[in-house]
Amino acid sequence: MSNPIRVTVWNEGRHEKRSPEIAAVYPQGIHGAIAEGLKAHSDFEVRTATLDDPANGLPDDVLHTTDVLIWWGHMAHRDVPDELVDRVQARVLDGMGLIVLHSGHFSKIFRRLMGTNCSLIWREIGEKERVWVTAPGHPIVEGLGPYFEIPHTEMYGEFFDIPQPDELIFISWYPGGEVFRSGCAFYRGRGKVFYFSPGHETFPIYYQPEVRLVLANAVRWAAPVKVVGFRDLRQAPNAKTPLEPVTVGA
């Protein structure tokens, strides 16, 4: 058996501490619910971390032994140190996968990697969301049908200010008429980034089987690809010796 994929589920963890209603939905924290779903898979090694842990949950020894980092944040984006964002970005460019969830679209790390505002429109009335598969051959959608529905959620709508995704995996529709690019895949350096919007903190979305399946599939997709002898992308070496003889004409 190959080595398991090492997954760290990071959550700012503030909502659950401050809201009894949210704590009732996620008694083990949002990170705990996500980790619970992933631990059902024998090919994952899962741990959790939060913003209020020592070193904000992501000291170097954790980051450097993480193959895929899952990020959930909302009310405490500004409390994430820029130094941590620098280190996470470096790990992504070096091959670590990053899965950014729901309101993480406004996180420092996602905006850094996208280079845009990452703004959108929203409405919180608990309406239905229909999540349509737009890339039926992609590994992230394995095991899903043409669409699935989330009974109650927060509406996210266009325009979503992100770069054109390298791969558009899901589009969501809401009863109010809005649509949203709810599953977007990007390549940054040697790393892969997946943004998945379902997951508002007041609804039990991370217990839903289809959502858990998407996250498990996304972890496998985002896991680093091992390439022997690939150069360090932080360096730009002078290739003085060509691979084949070169004759420069007069």
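In a fully extended conformation the segment linking Arg18 and Arg112 would gain 31.0 nm over its present Cα-Cα distance, using 0.36 nm per residue.
Comparing Pro242, Ala218, Gln208 along the charge dipole axis of the stretch 197-248, the residue lying farthest to the positive side is Pro242, per the Cβ-charge model.
Projecting the Cα atoms of His15, Ala33, Phe44 onto the dipole axis of the stretch 12-66, where Lys and Arg carry +1 and Asp and Glu carry -1 at the beta carbon, places His15 farthest toward the positive end. GNM on the chain, alpha-carbon springs under 10 angstrom: the most fluctuating residue among Thr48, Thr116, Thr153 is Thr116.
The label-point distance for Asn3 and His64, in a model that sets each label 7 Å from Cα toward Cβ, rounds to 1.4 nm. Magnitude of the charge dipole for the stretch 126-218, about its Cα centre and with charges confined to Cβ atoms of Lys, Arg (+1) and Asp, Glu (-1), is about 340 debye.
For the stretch 26-173, relative contact order (Cα pairs under 8 Å, six or more residues apart, normalised by length) works out to 18 percent. Each of Trp132 and Ala90 was given a label point 7 Å from its Cα along the Cα-to-Cβ line. The distance between the two points is 4.3 nm. Under the classification rounded if a/c is under 1.5, otherwise prolate if a/b is larger than b/c and oblate if not, where does the stretch 22-165 fall, given a ≥ b ≥ c as square roots of the Cα gyration tensor eigenvalues? Rounded. Using the alpha carbons alone, the radius of gyration of the stretch 117-187 stands to its Kirkwood radius in an Rg to Rh ratio of 0.97.
Sites count as exposed loop sites when they are chymotrypsin sites (Phe, Trp or Tyr not before Pro), lie in a DSSP loop, and have at most 14 other Cβ atoms within 10 angstrom; the longest stretch of the chain without one is 1-158.
Classify the stretch 98-156 as rounded, prolate or oblate, taking a ≥ b ≥ c as the square roots of the eigenvalues of its Cα gyration tensor: rounded when a/c is under 1.5, otherwise prolate if a/b is larger than b/c and oblate if not. It is oblate, given that a/c is not under 1.5 and a/b is not larger than b/c. Rounded to the nearest 20, the Cβ-based charge dipole of the stretch 98-174 about its Cα centre (Lys and Arg +1, Asp and Glu -1) stands at 240 debye.
Here Glu124 and Thr247 are evaluated by their C-beta separation; at R0 = 45 Å the FRET efficiency comes out at 0.10.
Helix 209-222 and the longest principal axis of the C-alpha atoms of the chain enclose an angle of approximately 10°.
Helix 29-38 axis versus longest C-alpha principal axis of the chain: approximately 60°, rounded to the nearest ten. In a reduced charge model with +1 at each Lys and Arg Cβ and -1 at each Asp and Glu Cβ, the stretch 32-104 shows a dipole moment near 220 debye about its Cα centre.
Subtracting the Cα-Cα distance of Leu168 and Ala239 from 0.36 nm times their residue separation leaves 22.0 nm of extension gain.
For the stretch 100-109, backbone phi angles converted through the Karplus equation (6.51, -1.76, 1.60; θ = phi - 60°) give residue-by-residue couplings of 9, 10, 6, 6, x, 4, 9, 5, 4, 5 Hz, Gly and Pro being listed as x. Lysine pair count for the chain (Cα-Cα distance under 26 Å; residues 8 or more apart in sequence or on different chains): 6.
Panel order for Val62, Val193, by other beta carbons found within 10 Å of each beta carbon, from fewest to most: Val62, Val193.
Farthest towards the positive end of the charge dipole of the chain, among the residues Thr153, Leu84, Phe106, is the Cα of Leu84, using unit charges on the Cβ of Lys, Arg, Asp and Glu.
Here the stretch 72-101 is scanned for amide nitrogen atoms under 17 Å from the site 7 Å beyond the Cα of Arg231 along Cα-to-Cβ, giving 94-95. Size of the chain: Rg and Dmax of its alpha carbons, in Å, are 19.3, 78.
Bear in mind that the values in this text are calculations on the coordinates, not laboratory data. On a predicted model such as this, the values are computed, not experimentally measured, just so you know. In this analysis, Cβ positions are derived from the backbone assuming ideal geometry, glycine residues included, and neighbour counts consider all displayed protein chains.
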